[in-house]
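K.L.:
Take a look at the following structure, please.
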Amino acid sequence: MYVDESGDPGRYNGSNTPHFILSGLIVPAQEWQLALERITAFREAVKQHTGLAKREEIHSAELIRPGRQVAYKQIAKTARIQILRDFVGGMPGFFPNARIINVCLDKQRFPHYGAYLLPAWQRLLEGFELFLASQQAYGAVMSDATDANGLRGLLRVMRKGPNPPQFLLEDVFHCASEHSYFVQAADAITYCLFRQEYPKGSTRKFNLGNLFQSLDGLLLKSAAPAGTQGIIRA
(Lines give C-alpha, C1' and ligand atoms only; values in the text may rest on other atoms or scores of the structure.)
Protein backbone atom coordinates (compact mmCIF):
# COMPACT_ATOMS: atom_id res chain seq x y z
CA MET A 1 0.00 0.00 0.00
CA TYR A 2 1.38 3.38 -1.08
CA VAL A 3 0.27 6.27 1.12
CA ASP A 4 0.27 10.04 0.93
CA GLU A 5 -1.49 12.73 2.92
CA SER A 6 -3.22 16.04 2.32
CA GLY A 7 -3.51 18.73 4.94
CA ASP A 8 -1.04 20.93 6.76
CA PRO A 9 -0.01 20.56 10.43
CA GLY A 10 -1.98 22.28 13.16
CA ARG A 11 -5.55 22.55 14.28
CA TYR A 12 -7.77 24.46 11.88
CA ASN A 13 -7.79 28.14 12.80
CA GLY A 14 -9.03 29.69 9.57
CA SER A 15 -5.58 30.14 8.03
CA ASN A 16 -4.73 26.52 7.30
CA THR A 17 -6.60 23.50 5.98
CA PRO A 18 -9.69 22.19 7.81
CA HIS A 19 -8.98 18.59 6.84
CA PHE A 20 -6.48 15.77 7.15
CA ILE A 21 -6.66 13.11 4.44
CA LEU A 22 -4.76 9.86 3.99
CA SER A 23 -5.09 7.79 0.83
CA GLY A 24 -3.66 4.32 0.46
CA LEU A 25 -3.22 2.72 -2.97
CA ILE A 26 -3.10 -1.07 -2.59
CA VAL A 27 -1.29 -2.72 -5.52
CA PRO A 28 -1.13 -6.54 -5.77
CA ALA A 29 2.53 -7.57 -5.63
CA GLN A 30 2.21 -9.85 -8.66
CA GLU A 31 0.98 -6.91 -10.76
CA TRP A 32 3.53 -4.36 -9.60
CA GLN A 33 5.93 -4.68 -12.54
CA LEU A 34 3.16 -4.40 -15.13
CA ALA A 35 1.73 -1.36 -13.30
CA LEU A 36 5.16 0.28 -13.37
CA GLU A 37 5.44 -0.34 -17.09
CA ARG A 38 2.03 1.22 -17.70
CA ILE A 39 2.82 4.34 -15.67
CA THR A 40 6.22 4.66 -17.34
CA ALA A 41 4.52 4.53 -20.74
CA PHE A 42 2.11 7.22 -19.57
CA ARG A 43 5.01 9.39 -18.41
CA GLU A 44 6.71 8.94 -21.78
CA ALA A 45 3.53 10.16 -23.50
CA VAL A 46 3.40 13.17 -21.15
CA LYS A 47 7.02 13.92 -22.03
CA GLN A 48 6.26 13.79 -25.74
CA HIS A 49 3.25 16.11 -25.41
CA THR A 50 4.48 18.62 -22.84
CA GLY A 51 8.24 18.20 -22.50
CA LEU A 52 7.92 17.22 -18.81
CA ALA A 53 10.78 14.81 -18.10
CA LYS A 54 9.90 11.42 -16.61
CA ARG A 55 12.15 12.13 -13.64
CA GLU A 56 10.04 15.18 -12.71
CA GLU A 57 7.57 14.43 -9.95
CA ILE A 58 3.86 14.66 -10.62
CA HIS A 59 2.76 16.75 -7.65
CA SER A 60 -0.94 17.46 -8.00
CA ALA A 61 -1.23 20.70 -6.04
CA GLU A 62 1.74 22.18 -7.89
CA LEU A 63 0.31 21.21 -11.25
CA ILE A 64 -2.47 23.67 -10.43
CA ARG A 65 -0.30 26.32 -8.80
CA PRO A 66 3.46 25.82 -9.42
CA GLY A 67 5.89 26.70 -6.66
CA ARG A 68 9.07 24.72 -6.20
CA GLN A 69 8.47 22.60 -9.34
CA VAL A 70 10.29 24.90 -11.78
CA ALA A 71 9.67 22.60 -14.74
CA TYR A 72 5.91 23.14 -14.42
CA LYS A 73 6.27 26.84 -15.12
CA GLN A 74 7.29 26.04 -18.68
CA ILE A 75 3.94 24.31 -19.32
CA ALA A 76 0.61 26.09 -19.89
CA LYS A 77 -1.89 25.74 -17.05
CA THR A 78 -4.47 23.98 -19.21
CA ALA A 79 -1.82 21.42 -20.19
CA ARG A 80 -0.80 20.91 -16.55
CA ILE A 81 -4.41 20.32 -15.54
CA GLN A 82 -4.76 17.84 -18.37
CA ILE A 83 -1.75 15.92 -17.03
CA LEU A 84 -3.59 15.54 -13.72
CA ARG A 85 -6.82 14.56 -15.45
CA ASP A 86 -5.06 11.93 -17.57
CA PHE A 87 -3.05 10.60 -14.61
CA VAL A 88 -6.11 10.11 -12.40
CA GLY A 89 -8.31 8.98 -15.26
CA GLY A 90 -5.68 6.40 -16.25
CA MET A 91 -5.41 4.78 -12.82
CA PRO A 92 -8.10 2.13 -13.42
CA GLY A 93 -5.98 1.05 -16.39
CA PHE A 94 -2.64 1.30 -14.58
CA PHE A 95 -3.95 -0.65 -11.57
CA PRO A 96 -7.01 -2.65 -12.70
CA ASN A 97 -7.02 -4.84 -9.58
CA ALA A 98 -5.87 -2.24 -7.07
CA ARG A 99 -7.95 -0.94 -4.19
CA ILE A 100 -7.94 2.49 -2.55
CA ILE A 101 -8.56 3.23 1.13
CA ASN A 102 -9.27 6.81 2.16
CA VAL A 103 -9.39 8.47 5.58
CA CYS A 104 -10.78 12.00 5.85
CA LEU A 105 -10.77 13.67 9.27
CA ASP A 106 -12.18 17.04 10.28
CA LYS A 107 -9.32 18.71 12.16
CA GLN A 108 -11.72 20.86 14.15
CA ARG A 109 -12.64 17.73 16.11
CA PHE A 110 -9.07 17.34 17.38
CA PRO A 111 -6.99 19.64 19.63
CA HIS A 112 -3.69 19.46 17.72
CA TYR A 113 -1.68 17.74 14.95
CA GLY A 114 -0.62 14.73 16.98
CA ALA A 115 -4.21 14.18 18.05
CA TYR A 116 -5.41 13.44 14.51
CA LEU A 117 -2.28 12.22 12.70
CA LEU A 118 -1.97 8.90 14.50
CA PRO A 119 -5.74 8.22 14.74
CA ALA A 120 -5.95 8.73 10.98
CA TRP A 121 -3.06 6.35 10.39
CA GLN A 122 -4.52 3.78 12.78
CA ARG A 123 -7.80 3.80 10.86
CA LEU A 124 -5.91 3.41 7.59
CA LEU A 125 -3.73 0.54 8.85
CA GLU A 126 -6.70 -1.26 10.39
CA GLY A 127 -8.54 -0.97 7.08
CA PHE A 128 -5.52 -2.37 5.24
CA GLU A 129 -5.20 -5.24 7.71
CA LEU A 130 -8.87 -6.17 7.24
CA PHE A 131 -8.41 -6.12 3.48
CA LEU A 132 -5.30 -8.31 3.70
CA ALA A 133 -7.13 -10.75 5.96
CA SER A 134 -9.98 -10.99 3.46
CA GLN A 135 -7.45 -11.86 0.75
CA GLN A 136 -5.32 -14.09 3.01
CA ALA A 137 -2.32 -12.10 1.77
CA TYR A 138 0.57 -10.30 3.43
CA GLY A 139 1.28 -6.64 2.78
CA ALA A 140 3.60 -3.75 3.54
CA VAL A 141 3.21 0.02 3.54
CA MET A 142 5.26 2.66 1.70
CA SER A 143 4.72 6.31 2.56
CA ASP A 144 6.01 9.72 1.64
CA ALA A 145 7.73 11.67 4.43
CA THR A 146 5.71 11.72 7.66
CA ASP A 147 6.17 11.18 11.40
CA ALA A 148 8.30 8.02 11.23
CA ASN A 149 8.82 7.77 14.98
CA GLY A 150 5.14 8.31 15.70
CA LEU A 151 4.10 5.62 13.22
CA ARG A 152 6.66 3.20 14.59
CA GLY A 153 5.27 3.72 18.07
CA LEU A 154 1.70 3.35 16.82
CA LEU A 155 2.46 -0.01 15.23
CA ARG A 156 4.20 -1.19 18.40
CA VAL A 157 1.03 -0.42 20.34
CA MET A 158 -1.18 -2.08 17.72
CA ARG A 159 0.96 -5.24 17.71
CA LYS A 160 0.66 -5.51 21.50
CA GLY A 161 -3.07 -4.86 21.52
CA PRO A 162 -5.96 -7.34 21.78
CA ASN A 163 -6.25 -7.67 17.97
CA PRO A 164 -2.70 -7.38 16.63
CA PRO A 165 -2.18 -7.23 12.84
CA GLN A 166 -1.53 -10.69 11.41
CA PHE A 167 -0.96 -9.81 7.76
CA LEU A 168 0.68 -6.38 7.95
CA LEU A 169 4.45 -6.80 7.69
CA GLU A 170 7.14 -4.60 9.25
CA ASP A 171 6.94 -0.90 10.08
CA VAL A 172 5.94 1.71 7.53
CA PHE A 173 8.69 2.18 4.95
CA HIS A 174 9.39 5.73 3.82
CA CYS A 175 10.07 6.76 0.25
CA ALA A 176 10.30 10.30 -1.11
CA SER A 177 7.47 10.86 -3.57
CA GLU A 178 9.88 12.21 -6.18
CA HIS A 179 11.37 8.70 -6.44
CA SER A 180 8.11 6.71 -6.70
CA TYR A 181 5.42 6.93 -9.36
CA PHE A 182 3.19 4.93 -6.99
CA VAL A 183 3.48 7.45 -4.14
CA GLN A 184 2.79 10.17 -6.70
CA ALA A 185 -0.39 8.30 -7.60
CA ALA A 186 -1.38 8.30 -3.92
CA ASP A 187 -0.71 12.05 -3.84
CA ALA A 188 -3.05 12.56 -6.79
CA ILE A 189 -5.75 10.53 -5.05
CA THR A 190 -5.54 12.61 -1.86
CA TYR A 191 -5.64 15.81 -3.90
CA CYS A 192 -8.75 14.74 -5.79
CA LEU A 193 -10.51 13.73 -2.57
CA PHE A 194 -9.52 17.07 -1.05
CA ARG A 195 -11.03 18.94 -3.99
CA GLN A 196 -14.20 16.87 -3.77
CA GLU A 197 -14.58 17.54 -0.04
CA TYR A 198 -13.44 21.17 -0.06
CA PRO A 199 -14.10 22.72 -3.49
CA LYS A 200 -12.35 26.01 -4.05
CA GLY A 201 -13.43 28.80 -6.36
CA SER A 202 -10.23 28.84 -8.39
CA THR A 203 -10.54 25.13 -9.19
CA ARG A 204 -14.31 24.86 -9.64
CA LYS A 205 -14.10 26.19 -13.18
CA PHE A 206 -11.82 23.28 -14.08
CA ASN A 207 -14.27 20.79 -12.53
CA LEU A 208 -11.52 19.25 -10.40
CA GLY A 209 -14.03 18.36 -7.69
CA ASN A 210 -15.37 15.56 -9.90
CA LEU A 211 -12.02 13.89 -10.64
CA PHE A 212 -12.26 11.65 -7.58
CA GLN A 213 -15.37 10.03 -9.03
CA SER A 214 -13.30 8.51 -11.85
CA LEU A 215 -11.68 6.28 -9.19
CA ASP A 216 -15.01 4.84 -8.04
CA GLY A 217 -14.29 1.33 -9.33
CA LEU A 218 -11.06 1.13 -7.30
CA LEU A 219 -12.44 2.39 -3.98
CA LEU A 220 -12.50 -0.12 -1.13
CA LYS A 221 -16.06 0.68 -0.16
CA SER A 222 -16.17 -2.02 2.50
CA ALA A 223 -13.75 0.13 4.55
CA ALA A 224 -16.72 2.31 5.52
CA PRO A 225 -19.91 0.58 4.34
CA ALA A 226 -22.16 3.39 5.60
CA GLY A 227 -20.76 5.81 3.02
CA THR A 228 -21.20 5.61 -0.73
CA GLN A 229 -17.45 5.92 -1.40
CA GLY A 230 -16.05 3.93 1.53
CA ILE A 231 -14.31 6.99 3.03
CA ILE A 232 -13.38 6.51 6.68
CA ARG A 233 -14.41 9.64 8.55
CA ALA A 234 -14.40 11.07 12.08
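The values are calculated or read from the model by the stated rules, or taken from the named source; none is laboratory data. Remember, predicted model here, so these are calculated numbers, not experimental data. Only protein heavy atoms, including side chains, enter the accessible area calculation; ligands, DNA and RNA are left aside. Shrake-Rupley method; radii C 1.70, N 1.55, O 1.52, S 1.80 Å.
K.L.:
On a 0 to 90° scale, report how tilted helix 181-197 is relative to the longest principal axis of the chain, with both axes built from alpha carbons and the result rounded to the nearest 10.
P.N.:
In the chain, helix 181-197 runs at an angle near 90 degrees to the longest axis.
K.L.:
If you count the DSSP beta bridges with both ends in the chain, what percent of them are antiparallel, to the nearest 5? All intermediate terms of the calculation are to be shown ahead of the outcome.
P.N.:
Working: 13 of 21 bridges.
For the chain, the DSSP antiparallel bridge percentage is about 60.
K.L.:
A further question on this structure: Using a/c under 1.5 as the rounded threshold, could you call segment 52-129 rounded, prolate or oblate? The axes a ≥ b ≥ c are square roots of the C-alpha gyration tensor eigenvalues, and prolate needs a/b larger than b/c, oblate otherwise. Don't jump to the answer; show the numbers that get you there.
P.N.:
Working: a/c = 2.93, a/b = 1.55, b/c = 1.89.
Oblate, because a/c is 1.5 or more while a/b does not exceed b/c.
K.L.:
If you don't mind, there's one more thing I want to ask. Using just the C-alpha positions of segment 1-150 as equal point scatterers, what log10 of I(q)/I(0) does the Debye formula give at each q in 0.17 1/Å?
P.N.:
These q points yield log10 I(q)/I(0) values of -1.13.
K.L.:
When the accessible area of the chain is split by element with a 1.4 Å probe, what percent falls to carbon and sulfur? The partial results should precede the final answer.
P.N.:
Values: 5740 of 11110 Å².
Percent of accessible area from carbon and sulfur atoms in the chain: 52.
K.L.:
Using amide H atoms built 1.01 Å from N in the peptide plane, name the residues 5+ places from residue 137, or on other chains, whose amide H lies under 5 Å from its own.
P.N.:
Placed amide hydrogens put nothing under 5 Å from residue 137.
K.L.:
May I pose another question? To test your reading of the geometry: what angle, between 0 and 90 degrees and rounded to tens, separates the Cα axis of helix 148-160 from the longest principal axis of the chain?
P.N.:
The angle comes out at about 40 degrees.
K.L.:
Now for a separate question. Build a GNM of the chain with springs between Cα atoms under 10 Å: which of 43, 159, 195 gets the top mean-square fluctuation?
P.N.:
Most flexible of the set in this elastic network: 159.
K.L.:
Return one number: the angle in degrees, 0 to 90 and rounded to the nearest 10, between the long axis of the Cα atoms of helix 32-50 and the longest principal axis of the Cα atoms of the chain.
P.N.:
So the helix axis and the longest Cα principal axis differ by about 30 degrees.
K.L.:
For the chain, with every protein chain kept in place, what is the accessible area per residue (1.4 Å probe, Å²)?
P.N.:
Details: 11110 Å² over 234 residues.
On a per-residue basis, 47 Å².
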